[in-house]
Amino acid sequence: MTDQSTGRRDELGDHLSQVRRRIEAACGRADRDPAELTLVVVTKFFPASDVALLADLGVRDIGENRDQEAGEKVADLPDGIRERLRVHFIGQLQSNKAGHVARYADVVQSVDRPKIVHALQRGADAAGRTIDALVQVDLSGDDAGRGGVAPAALDDLVAAFADAPALRLRGVMAVAPLHGDPLHAFTRLRELSAQVRMTSADALWISAGMSGDLEQAIQCGATHLRVGSAILGSRPAQR
Ligand SMILES: *Cc1c(COP(=O)(O)O)cnc(C)c1O
């Protein structure tokens, strides 16, 4: 290993321990078992070499939000690393990109309209794969363009999975609105999760919580956290 990658490995390892300590403390306060939580490390903007270091540090789940960047990065991983990782796609999806995402993503967390369900189904079927899917809910109430289905359209979106045997609906995902109390948003998400489970009993995952609000997400029953900057650092300068 070069000195440079040793330095980066130490840095990522330190940040990872800090985040794990935050998770443990929040679980202690919420009387939850940290083993119930999956930490998805969001590696967008950062190179495949960081993903490999994270895998070496025990990370099993990574998140990416842009199709082209994600597809290339997954392809660039050293031998033996890809099989150890679950790749979560967490970005806004266009239906013409969904077929490609279905080739490499193990989980797609950002399904927000029936058209995406159909496109992922076709892509997964063509690739002979089964994909875990979450429906992303818009909790902003103002359609600010961060993606997600309006709560009023959630039942119709869930119903679209009936025709998608290559997709397993596993639960719900949301990003807390920029302004406002994350506790309020994640409480609403928990209610919507219960609504989805009335028709899809296996949809138990709740993906909520990022670097700034993972404590509130844990308090509200999150099963998956998506943490980027607290582990990788702030976004590197454009190359
Ligand atoms: C970037 C991103 C994250 C991670 O955010 P941080 O604040 O860097 O932890 C989580 N979820 C989604 C959907 C993202 O795009």
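The values are calculated or read from the model by the stated rules, or taken from the named source; none is laboratory data. Everything numeric here is computed off the predicted structure, so don't read it as measured data. A quick note on method: Cβ atoms are made from the backbone with ideal geometry, for glycine too, and the neighbour counts reach across all protein chains shown. Ligands, DNA and RNA are stripped out before the accessible areas are found, and what is left, the full protein with its side chains, is counted by its heavy atoms. Shrake-Rupley method; radii C 1.70, N 1.55, O 1.52, S 1.80 Å.
Quick check: is even one residue across region 74-94 open to solvent by less than 50 Å² (accessible area, probe 1.4 Å) and acidic (Asp, Glu)?
no
I'm trying to understand the selection: among the residues of region 160-217, which are closer than 22 Å to TYR104 by Cα and of a type outside the set (A, V, I, L, M, F, W, C)?
Hits for region 160-217 are ASP163, PRO165, ARG168, ARG170, GLY171, SER207.
Within region 111-120, which residues are assigned to a helix (DSSP H, G or I) and buried (at least 20 other Cβ atoms within 10 Å of the Cβ)?
Just the residues of region 111-120 that are assigned to a helix (DSSP H, G or I), to begin with: 114-120.
Those that are assigned to a helix (DSSP H, G or I) and buried (at least 20 other Cβ atoms within 10 Å of the Cβ): ILE116, VAL117, ALA119, LEU120.
Looking only at region 198-207, decide whether some residue is part of a loop (DSSP other than H, G, I, E, B), within 16 Å of the ligand (Cβ to nearest atom), of a type outside the set (Val, Ile, Thr) and closer than 30 Å to GLY58 by Cβ. First the steps, then the outcome.
Within region 198-207, the first condition is being part of a loop (DSSP other than H, G, I, E, B), and the residues that meet it are 200-204.
Filter again for within 16 Å of the ligand (Cβ to nearest atom), leaving none.
No, that holds for no residue.
Kindly evaluate ASP132 against the criterion of being away from the ligand (no atom under 15 Å from the Cβ), at pLDDT below 95 and either part of a loop (DSSP other than H, G, I, E, B) or open to solvent by less than 50 Å² (accessible area, probe 1.4 Å) (or both).
Details: away from the ligand (no atom under 15 Å from the Cβ): yes; at pLDDT below 95: no; either part of a loop (DSSP other than H, G, I, E, B) or open to solvent by less than 50 Å² (accessible area, probe 1.4 Å) (or both): yes.
Criteria not met by ASP132.
Restricting to region 222-239, give me the number of residues that are part of a loop (DSSP other than H, G, I, E, B) and open to solvent by 10 Å² or more (accessible area, probe 1.4 Å). Working first, answer last.
Going through region 222-239, the residues part of a loop (DSSP other than H, G, I, E, B) turn out to be 222-223, 228, 233-239.
Filter once more, keeping what is open to solvent by 10 Å² or more (accessible area, probe 1.4 Å): 223, 228, 233-239.
Counting residues in region 222-239 that are part of a loop (DSSP other than H, G, I, E, B) and open to solvent by 10 Å² or more (accessible area, probe 1.4 Å) gives 9.
Note down all Cβ pairs under 9 Å where the first residue falls in region 2-22 and is farther than 23 Å from LEU214 by Cα, the second is in a helix (DSSP H, G or I), and they're at least six residues apart or on different chains.
SER5/SER49; SER5/LEU53; ARG8/SER49; ARG8/ASP50; ARG8/LEU53; ARG9/LEU53; ARG9/ASP56
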